[in-house]
Amino acid sequence: MARGSAKRLIYLYSCKNNSLFRVTNFISNRFLHHSRSSNCIFYPFTPSKIPNQLQLPPPQLTNFGNFQSFRFDWFCTLSENEKLKLDSTESVHLEAEPNKVDNEVGLHESEIENIGQEEERLHFAQIANRDPVEIYKELKGTLESGRQPLSDWDTLTEIFRCFCKSAWATNQALGVYIGASFFPTASREFSSFFLDKCNADLINYLVYLGPGVEVDKFLFPIFVEFCMEKFPGEIKRFRKVVESADMTKPHTWFPFARAMKRKIVYHCGPTNSGKTYNALQRFMEAKKGVYCSPLRLLAMEVFDKVNASGIYCSLVTGQEKKVFPFSNHVACTVEMASTDELYDVAVIDEIQMMADPSRGYAWTRALLGLKADEIHLCGDPSVLNIVRRICSDTGDELVEQHYERFKPLVVEAKTLLGDLKNVRSGDCIVAFSRREIFEVKLAIEKHTSHRCCVIYGALPPETRRQQATLFNNQDNEYDVLVASDAVGMGLNLNIRRIVFYNLTKYNGDKMVPVAASQVKQIAGRAGRRGSRYPDGLTTTLNQEDLDYLIECLKKPFDEVKRVGLFPFFEQVELFAGQLPNMKFTKLLERFSENCRLDGSYFLCQHMHIKKIANMLERIDGLSLEDRFNFCFAPVNIRDPKAMYHLLRFASSYAQEVPVNIAMGMPKCSARNDSELLDLETRHQVLSMYLWLSNHFEEERFPFVQKAETMAIDIAQLLGESLLNVSWKPESRNARKPKQQEKEVGYQRPLSLVKLRNKIKEEKHHNVEKETA
C-alpha cells in the first residue's frame, strides 16, 4: 500500500462508519494508481438533484500525493478486513489532523441535510400544484398501491377519518350537490379508493401535511372528481332537491311588489318617542291602509282607536275577523297581513322583530311583499342597516326619521333594598316567571295597602286589557301593576316607575341574564307623554342587580346581521315532490338541512312545528297542506291538555266529521291556582278552535259562535280570579310530590306475618305508655 500523501485516504477509511461515507461519486482504482503529477484540474460529475446555487466547488487534484480540497465522499481500494499499519511518524501526524477533518465533516453533513430538505419541499410543491383531474386519472389507472409502513398507514387512516368529519369539506360539498347526509358515505368510498390506489409520492406528501384543513383542501378536488364519476345519479337527485329548497333572493318571491316604486319610511327611536303615533297618523290620513301589529292586543287597541276617531276600520287576527262595511282600513296581526291587496299606506310595528328566531319570518314577509305606496316601519335602530340592504335589493326608496325620547329615562340609585314594602303607587314590578308574579302580588297586598293588577303572556288579550284599564284608572284602589315581559309592548300604561324583581330568566334549559335589548324595551315603558307620570323612572328590587340594569341601558343596540325566513306551503310542497313517501317531520328536517339562504337571512326555528308534526303522525287522512296548517296553530306545546285537544281536533278533521269543542264551561272563578291554570288552558283551547276555523273550511268547524261566547265568559272569570288571588302559585306541569324517604334509606317490604307482628308490638307498646 502506498505511503505518504495517501494517509488522508487511509484515515478516512478508518472512519467509514461515519455518515461521511455516503456514495455520491466513484473513482476507480485505475485512476488513483495511474494519475500522474500535473497541473491539470479534474472535475468529477456532480449530483444531479442538487440545486445549482447550493453546489459545492469541485475538488482540484494537482498531485497524486497532495489533495488541495476534499469535498466529496470517496472509496478507498483497501478491503474491509485489511489492517492498517502506520509507522509512528504517520500516526502522530494523523492524530494532529482529526479536528480539522471533523469540522469539514460537520459542514458537509449540514449542507447535505439542507439540500435534502430543499429538494423535498420542491418535490412536495410540485405535487401540490398538480391538476386534481390528472391525479385522479393516475389513481384510477393504478392497479394497486405498494405496502406502506405501519406509522404511515396510521397517519393516513387518521387523515381520512378527519376528512369524513370535516365541517369545511361538508359545507364545500354542498356546492357540488353532495348533501350533508350523503357526504359521510361518499367520503368513506373515496378513502377506500384512495388508499388502494395511491403511490409513494402521494403518501409521503399526505404524511408530511398530516391531518388538518390543508390536507382537506388538497384532497377535496380529487374527492369531487371521484364523486362526479362514482355517484352521478345521487348528485343529480340532490341537485333537484336543493333547487326545490332554494330560498335565496327572497325579494324575487313578490313580483308585483317589485313592479311598484315603494317608499319605505323608517321611524327609528326608543319607546315613548312618538314614532308609532306619527306612523298611525299617516295611516289614518290614507284612503286605504293596513296596520300590522306584533300582538292581537295591540291590533285590537288600534282598531278601537281608529274607529273612535270616526274612520271605519276592520280587525283581522288569527282568531277573529270583524269586517266593517265600507271600511278601507285594516288592523291586523303581522301574520295575517295580505300581500294580495293594494294599499296606499302600510304600517309595520316593532320591525326589529324581523330578527326573532321563531316569528321573524312574518315581518320579513310583510316588508318584502306588501303592495303599498308607502310602508312605515316603527322600531329601534338594531335592524336599520339590514333594512337598508333589503331596500337596496328591492329598489325601494328609504327615508329615515330618527326620534329621541320625550323625557329621558332616569335610573334611581336607591333600589327597593330587597323589601317590597317600599313599593309606591304607579309602580310596575316586572318578574320573569308566573310563579314570581303571583308571589310578588301576594306579598305586596299582604304587607302594604296597595292592590295589584296582573299581566302575563298566558292571559287572553281581553283579560290583559281589563287589567290594564283597571291599573290606568285613578278612581280605584288598584295602583300597582305586577307583570311579565309581556308589558314590553302592546299596551299603553300609566307607569311611574319600572322595578325589576330580578334580571335573570329561565330559557328552557338554564337561568340566563335578560338580554339588554329586552331590558331597554321594558324599562322604556315607564313614563308616558300626556299621562300623570310623564317622567320615566326605573330601578331594581335588589342592590346587586342595579349595575347590570345601568349597563344594559347604556349599551347601544346590537346590530342585527340576519333576519328570519320560513318557507311557504308551496315551497314545502315542491320539496316534498322530490322526496315522496317521507313523513312530514322528516321532511321539515331535510328541508332545513338542504335549503340555501342568502347571508342576510336565517331559517326560523321550527321546534314548535316539529313537536306538533310528531304528534300528528299518528293520524291518517291528513293531506300535506292540512298538516302544514295544523302545525301553526297557537298552542302551548308544554301544556298536555291543550296538545290533547289539538290532537282531537285534527283527528275529527281527518275523519271528515264536524269538529266539536267538547269542553264544559266553569261555573265560577278560580278558587285555587290549579283552577286558574285550568281556566287559562280552556281559553287557549277555545282560541285555538277559532284560529282553526279561520284557516280551514268553516263548515268543518260549526261551533264558532259557541266558542266565541265561551272565550268571552272565561276571560271574564280569569279577570275576577286575578283580583281575588290569595293562594300560592303552582307550576303548570307540577307532578305529585314523591313520598319522603326515611333517613335509614330503602328497606325491603316485610312479609305479612312479620308486618302483623310488628303492628301488634307497636300497639302493645302504646298501651304500656298509656298505662304508665
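Data table
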{"quantity": "In order through the range 581-596: 3J(HN,Hα) via Karplus (6.51 cos²θ - 1.76 cosθ + 1.60), integer Hz, x for Gly, Pro", "calculated": "6, 9, 5, 4, 4, 5, 4, 5, 5, 5, 5, 5, 6, 9, 6, 10"}
{"quantity": "Net charge contributed by nearby residues that have their C-beta within less than 9 Å of Ser721 (K/R +1, D/E -1)", "calculated": "-1"}
{"quantity": "Cross-link pairs beyond the 18 Å C-alpha cut-off, checked among Lys140/Lys165; Lys165/Lys217; Lys249/Lys288; Lys510/Lys728; Lys520/Lys555; Lys583/Lys611", "calculated": "Lys140/Lys165; Lys249/Lys288; Lys510/Lys728"}
{"quantity": "Test item: Cα-centred dipole of the range 319-444, Lys/Arg +1 and Asp/Glu -1 on Cβ, debye", "calculated": "720"}
{"quantity": "For Lys288, distant residues with modelled amide H under 5 Å away", "calculated": "Asp344, Val345"}
{"quantity": "Cα gyration tensor shape of the range 480-541, rounded if a/c is under 1.5, else prolate or oblate by comparing a/b with b/c", "calculated": "prolate"}
{"quantity": "Gyration tensor (alpha-carbon) shape descriptor, the range 329-407, a/c threshold 1.5", "calculated": "rounded"}
{"quantity": "Within-14-Å neighbourhood charge of Val242 [Cβ basis; K, R +1; D, E -1]", "calculated": "+2"}
{"quantity": "For the range 564-660: accessible area per residue (Å², 1.4 Å)", "calculated": "48"}
{"quantity": "Cβ-based net charge around Glu593, under 14 Å, with every Lys or Arg adding one and every Asp or Glu removing one", "calculated": "+2"}
{"quantity": "Placed amide H near Val265: partners under 5 Å, 5+ positions off or other chain", "calculated": "Ile375, His376, Leu377, Val399"}
{"quantity": "Segments 372-384, 280-292, 687-699 sorted - mean Cβ within 10 Å per residue, highest first", "calculated": "372-384, 280-292, 687-699"}
{"quantity": "Per residue, in Å², the accessible surface of the range 463-525 once ligands and nucleic acids are set aside, probe 1.4 Å", "calculated": "39"}
{"quantity": "In sequence order, calculated HN-Hα J values of the range 468-478 (Karplus, 6.51, -1.76, 1.60; Hz; x Gly/Pro)", "calculated": "5, 5, 5, 6, 6, 6, 7, 9, 9, 8, 8"}
{"quantity": "Phi-based couplings in Hz for the range 409-415 (Karplus 6.51, -1.76, 1.60; Gly and Pro marked x)", "calculated": "7, 10, 8, 6, 5, 8, 7"}
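The values are calculated or read from the model by the stated rules, or taken from the named source; none is laboratory data. Note that the structure is a prediction, hence the values are computed from the model and not measured. All Cβ positions, glycine included, derive from the backbone under ideal geometry; neighbour counts span all protein chains shown. We work out accessible area using only protein heavy atoms, side chains counted, and drop any ligands, DNA or RNA first. Shrake-Rupley method; radii C 1.70, N 1.55, O 1.52, S 1.80 Å.
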